[in-house]
1. Taking neighbour Cβ counts within 10 Å as the exposure measure, how do 693, 161 sort from fewest upward?
2. Would you grab the residues whose amide H sits under 5 Å from the one on residue 699? Only those 5+ places off in sequence or on another chain, please, with H modelled 1.01 Å from N.
3. Could you run the Karplus curve 6.51 cos²θ - 1.76 cosθ + 1.60 with θ = phi - 60° over segment 643-657 and give me ³J(HN,Hα) per residue in whole Hz, x for Gly and Pro?
4. Dipole magnitude of segment 1-98 about its Cα centre, charges +1 at Lys/Arg Cβ and -1 at Asp/Glu Cβ only, in debye to the nearest 20?
5. What does the convex hull of the Cα atoms of segment 146-300 come to per residue, in Å³, rounded to a whole number?
6. For residue 672 and residue 557 in one chain, what is 0.36 nm times their gap in residues minus the Cα-Cα distance, to one decimal in nm?
7. Taking a ≥ b ≥ c as the square roots of the Cα gyration tensor eigenvalues, with a/c under 1.5 meaning rounded and otherwise prolate when a/b beats b/c, else oblate, which class fits segment 18-87?
8. Going by the alpha-carbon gyration tensor, a ≥ b ≥ c the square roots of its eigenvalues, is segment 466-607 rounded (a/c under 1.5) or, if a/c is not under 1.5, prolate (a/b greater than b/c) versus oblate?
Amino acid sequence: MKWVGKSVAKIDGVAIATGKPLYTEDLTVPGTLTVKLLRSPHAFARIRSIDTAAAKALEGVECVLTYQDVPQVRFTKAGQSYPEPSPYDRLILDQWVRYVGDEVAIVAAIDEKTALKALELIKVDYEVLEPVLDLESAIDHPSVVHPENDLHCNFPIGLEKDRNIASSHTSEYGDVEAELSKCDVVVEESYRTQAQAQAMMETFRTFTQLDHAGRLVVISSTQIPFHVRRQLARALQISATRIRVIKPRIGGGFGAKQTGVSEVYPAIVTLKTGKPAKIVYERKETFIASNSRHATQFTVRMGADRDGFIRAIDIQGCSDTGAYGEHAPTVFAVIGDKTLPMYNKTRAARFSGHAVYTNKLPGGALRGYGATQGTFVQECTVNKLAEALGMDPTELRLRNLIREGETCLHYKGKKLGSSALHRCIEKGKELIGWNEKFPCVEKDGKVRAVGMAVTMQGSGIANIDTASAEIRLGDDGNYLLLVGSTDMGTGSDTILLQMAAEVLNTSMDHFTIHAADTDVSPFDPGSYASSTTYVTGMAVKQAAEELRKKILEQAALVLEAPLAEMDLEENRCVHSLTGKEITVAQIAAQSVVGPERRQLSAYATFGSPVSPPPYMAGFAEVEVDRETGKVSLVDYVAVVDCGTVVNPNLARVQAEGGIVQGIGMALFEEVQYDSRGNLQSNSFMTYKIPGRKDVGKIRVEFEPSHEPTGPFGAKSIGEVVINTPAPAIAAAVYNAVGVRVTDLPITPEKVFMGMQVLSKS
């Protein structure tokens, strides 16, 4: 292949490096109002009264809005295909505030200074209530986070608002208790995973204005333009036909921008005033008032026979969805759905529990989307089981993991289309030097040890999300690719062009790509759920194939040759028998001149009944200081099966970035609150993300499979790469000093205190 499988440079790489792309704030116009939000100082309260008179009287203030001035219609900010599974539990502004940072009032002024001054002049009388601040005590807590009676769910997700349960989920196959009782070895462990901030470079920001026809134009740093349009239509109570959403260049998302965090506030200002408006979240606002990874608590039981076959797995617990239920049911379900299918020698498996409301920052989508938490709890338990069996943890996995062509309890008879995970493990063992280093090696008062984990993810959302693509042949012989996916810096635009160029047998230089404008782009759910390469990529491939067929048909007519004998070579159509040819540019020009002519274009829509899993084996080597408990990551080896690797360089960058985020979750990052619900980790001074010196050596290799349902055999890679660092590092720490840290992050204090306990036992 000419383009697929090649390390093509990002089409926008040089432009980004030289500061040329336009981001949301660059597209504002003179006279744009600055929007600021008054936020709640209380974790849980009811607004008795708001006095905005002084703020409205301030010179330069255009409008001040409270819950009394906005539509009172419940909606969700979750970026999901309609009908969204997340509960409709939000208002634009509410009489109730449910976490420190919740929106109380909207101010729009001529500049930021004036807007901030106006915020100070708003007087609010709160009835302060007892907050729910711990997921363990949330269910049946005396305080009900959502006392209102107009919450709405499109599905029976198990919402019990009066018990602070946002959703419930159970998936069970076989008799778990009976199978556990038959096992020769059973291990049990409880785990906590922390909330984690996305920490993308560009904070949330949105610019809105009215066009010449009075339609609302929304330019926003978002992953989900089409979902944002639907959210705004419902929240603002206007027709979606009156809304246009445009995604410019995005400075990172990581799932945070799969939630419509900021768009509704300048939008309602523009509708109220008729003037353009913008909102730019400060870094502190992004920390305290956007969304985070769902914190979780789980207990896992796992049993095996004496031959080392895992026969039963039981995972039960809950996740903290915070003040609102964005992504609550789906993140929780994924925790089990993207972990349990890995081990298919089971005779029974169960995953159950709840997503609970608390008076904390709302949870949302973050890279890994539940599979990260599920991988940690399951893989740590597999490592514990291996020790109990006296087996090498790599061998235990090789014996139990599902293989290509096999099925499992969760797949209900469907066979796995592709997997190279067993080969990933073997390659990773060799690269890390597993046989020489496992479990640990002492050196100069410090100890080095290795640990490992495996994981799976998905590629798009099966039977739900579909993407469309259109390719037009211009009159000059060049192509225009129209897609609705959102490149967040991942290089997805480049990958989609590689696929189109491959099918049409031409250079990528002959393409222009236009993405993410709801007025122009064909529908796409957006960039999330590891969908772009697999779902949008297949739509692009099918559209290109259809256009290729049309070009050859036109060439056959002109050359008076049978279609079956025509070939599309680089920028020309050739009759294979006579050598007669016509250029694509000539066909393009002829197609738009004269009566009964038509421009050649093709359109395709793709959705898949399956979500083929990419796989990864991760191996960590750590050094632990016995005097302090400090854990230093020395080496991390990742071997990834993402099907056909469309662009090795971009895939490697994705893998390296995800691994670094996983290392952050394992060792450093934690969203922390005080006793009143104030988020204390609200800046990069108090929220530690890993720097270059924190991550040691990272090595990424690929072990391709061929996914029969994917474009050119490709699967996803964006999310699977974040899942293995936490359990692999936890295993390495245990192998080093015997301390099993089950409460993330793995801090020096936890390791040191664990060693102290061991020394006294």
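A short reminder: the numbers here are calculations on the coordinates, not readings from a lab. Predicted model only: the values in this text are computed from it and were never measured. Quick reminder, even Gly has a Cβ in these numbers, built from the backbone with ideal geometry, and neighbours come from all protein chains shown.
1. So the ranking, lowest neighbour count to highest, is 693, 161.
2. Sorted by chain and number, the residues that satisfy this are 636, 637, 638.
3. Running phi through 6.51 cos²θ - 1.76 cosθ + 1.60 with θ = phi - 60° gives x, 5, 7, 5, 9, x, 5, 5, 5, 5, 4, 4, 5, 4, x Hz.
4. That gives segment 1-98 a dipole magnitude of about 460 debye.
5. On the way: hull volume 27.6 nm³, N = 155.
Measuring per residue, one finds 178 Å³ for the Cα hull of segment 146-300.
6. 34.5 nm
7. The shape class here is oblate.
8. prolate
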